[in-house]
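The values are calculated or read from the model by the stated rules, or taken from the named source; none is laboratory data. Model, not experiment: these values are computed from the prediction. As a convention, Cβ positions derive from the backbone with ideal geometry for all residues, glycine included, and neighbour counts pool all protein chains shown. Side chains are part of the model used for accessible areas, which takes the heavy atoms of the whole protein and leaves out ligands, DNA and RNA. Shrake-Rupley method; radii C 1.70, N 1.55, O 1.52, S 1.80 Å.
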Amino acid sequence: MAKTMEMETTAINIITDGTVIKGDIVATGDFRLDGTLQGNIQLNGKLVVGDTGVVTGNVLCQNANIIGTVNGNLSVKELLSLHSTARVRGDILINKLSIEPGAIFSGKCRMIDEVKAQHDAQPAEEQPHE
């Protein structure tokens, strides 16, 4: 008896070191940025900003691991992790937050249980902090 297996695939987008993107990014899968983004990013998945990654714009995503730099507001529906090398300049709206010693965060933090309602009502539109 043959069984049909349905596999759920999640797209993973990778922008490598040395790449510069000017403009907004909207994606349904996970995203790793080791290059530079000058614009906003909106994901239904997880964002990883690598150690050489730089975002100058606002971020809206499900989960985020920040190892590099974000100059803008972050709105994360579930877990935001700031690694020891992270540099974040902007306000954050999150459900859960993890900050390693050494991370730099300059901005306001709002932690709420139901971030989804905020995300649906207010997409990342504000100008980034500088």
Would you check if Leu47 is surrounded by 19 or more Cβ atoms within 10 Å (Cβ to Cβ) and either touching a residue at least 24 places away in the same chain (Cβ under 8 Å) or over 9 Å from the mean Cα position of the chain (by Cα) (or both)? no
Answer with yes or no whether Thr56 is touching a strand residue (DSSP E or B) at 6+ places or on another chain (Cβ under 6 Å), buried (at least 17 other Cβ atoms within 10 Å of the Cβ) and in contact (Cβ under 8 Å) with a residue 40 or more places away in the chain. yes
What are the residue pairs meeting all of these: first residue in the range 89-104, first residue in contact (Cβ under 8 Å) with a residue 12 or more places away in the chain, second residue surrounded by fewer than 13 Cβ atoms within 10 Å (Cβ to Cβ), Cβ atoms under 6 Å, and 6 or more apart or on different chains? Arg89/Ser106; Asp91/Lys108; Leu93/Arg110; Ile94/Met111; Glu100/Ser84; Gly102/Ser84; Ala103/Ser84
Going by what's in this entry, would Asn44 be described as modelled with pLDDT under 95 and either over 17 Å from Asn95 (Cβ atoms) or not charged (D, E, K, R) (or both)? yes
Within the range 7-37, how many residues are assigned to a strand (DSSP E or B), farther than 20 Å from Arg89 by Cα and open to solvent by 60 Å² or more (accessible area, probe 1.4 Å)? 3
One residue from Ser98, Ser84 being at pLDDT 55 or above, assigned to a loop (DSSP other than H, G, I, E, B), among the polar types (S, T, N, Q) and surrounded by fewer than 14 Cβ atoms within 10 Å (Cβ to Cβ): Ser84
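Restricting to the range 38-77, what's the tally of residues that are charged (D, E, K, R) and in a strand (DSSP E or B)?
The initial filter retains those residues of the range 38-77 that are charged (D, E, K, R), namely 46, 51, 77.
Among the residues that remain, those that are also in a strand (DSSP E or B) are: 46, 77.
Summing the residues that are charged (D, E, K, R) and in a strand (DSSP E or B) in the range 38-77 gives 2.
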